[in-house]
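The structure appears right after this line, and notes come after that.
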Amino acid sequence: MRGNIDKRHRAAQFRSRLARAMTDAGSNQSALARAVGVDRSTISQLLGGEGARLPNAHVVGACASALGVSADWLLSLSDRPESAADLLSASLSLTEAPRALVDQHIFDWHKEAAGYKIRHVPAALPDMLKSRAMLEWEYAPHLGRTADQAIGASQDRLSWMRQSRSDYEIAMPLHEIDSFARGTGYYADLPDKVRQDQIDWFLDLADQLYPRLRVYLFDARRLYSAPITVFGPLLCVFYAGGHYLAFRDRDRIETFTRHFDRLVREADHSARDLPALLRGLR
């Protein structure tokens, strides 16, 4: 008996969802019949029947395709009416990541997430904490003659990010800041004066913005993270060199939020430790 009730309920749901999809698509019985390749009377029966029978898979699929919804949704197997392709397109995007400072994509994502906690694992030192001299050393070779204009515009965006309503948690490998302070690896040709001034700038910002800004340092020998930013519950973005890979589906956002929380939980140096560590490196 239970099975019969379920079948009747599902058939009723199909009729209701089919009618809703037709309304949303601005379609009528005649137009849908032509698109599906059946008689108008068939569509009328699909909408007006009262039994427990569902149409065959071909008709369901054709109706879903014609109306731009998923067959699973019509059959009450999913609560999302979008097709699988539309869901994938909405949940995952790949965009170019120019070699620049705060490009338009990053800025738009920050504005969208204003008020939410933003969790960030940078590829190097965080751009929002860099001095102008540091930005010029790093980006002028890529920006050429437009460096001053680009850096000025980016500084305005960085100022907006620092003053936004969002809380920031930044987790980065301890070896990154140690390499910076010692002038090794990536920072080998960075002048001593720029490095010293950058640490002072870092200290000032850490003092001004704490506790809204919290920086954690983890041991990369025990933990690993690709460059990633989690914009509250809205999206998470991977930096893959020349492109950003952005996810908007809830499960992935929660997965990478937990990943970031582990970096914070197991960090060797908490946000409270940062000033003393920076002074020691200075």
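The values are calculated or read from the model by the stated rules, or taken from the named source; none is laboratory data. On a predicted model such as this, the values are computed, not experimentally measured, just so you know. Cβ coordinates were reconstructed from backbone atoms using ideal geometry, including for glycine residues, and neighbour counts include every protein chain displayed.
Observations
- Filter pass, Leu158 being at pLDDT below 90 and under 20 Å from Phe260 (Cβ atoms): no
- Filter pass, Ala246 being in a loop (DSSP other than H, G, I, E, B) and touching a residue at least 12 places away in the same chain (Cβ under 8 Å): no
- Among the residues making up the range 191-219, those that are within 21 Å of Arg165 (Cα to Cα), hydrophobic (A, V, I, L, M, F, W, C) and in a strand (DSSP E or B) are Leu213, Val215.
- When residues of the range 25-37 are limited to those that are without any contact (Cβ under 8 Å) to a residue 24 or more places away in the chain and at negative phi, the one surrounded by the most Cβ atoms within 10 Å (Cβ to Cβ): Ala33
- Any chance Glu254 is modelled with pLDDT of 95 or more, under 26 Å from the mean Cα position of the chain (by Cα) and assigned by TED's automatic domain parsing to the domain that holds Met172: no
- Being in contact with a helix residue (DSSP H, G or I) (Cβ under 7 Å, 6 or more places away or on another chain), hydrophobic (A, V, I, L, M, F, W, C) and surrounded by 19 or more Cβ atoms within 10 Å (Cβ to Cβ) is a property that does not hold for Phe260.
- Val230 meets the stated requirement of being closer than 20 Å to Asp167 by Cβ, crowded, with 17+ Cβ neighbours inside 10 Å, touching a strand residue (DSSP E or B) at 6+ places or on another chain (Cβ under 7 Å) and in contact (Cβ under 8 Å) with a residue 60 or more places away in the chain.
- Within the range 160-179, the residues that satisfy the criterion of being more than 21 Å from the chain's Cα centre (by Cα) and either in contact (Cβ under 8 Å) with a residue 60 or more places away in the chain or not in a helix (DSSP H, G or I) (or both) are Pro173, Leu174, Ile177, Asp178.
- Criterion violated by Ala35 - all others in (1) outside any helix (DSSP H, G or I); (2) touching a Ser or Thr at 6+ places or on another chain (Cβ under 9 Å) satisfied: (1)
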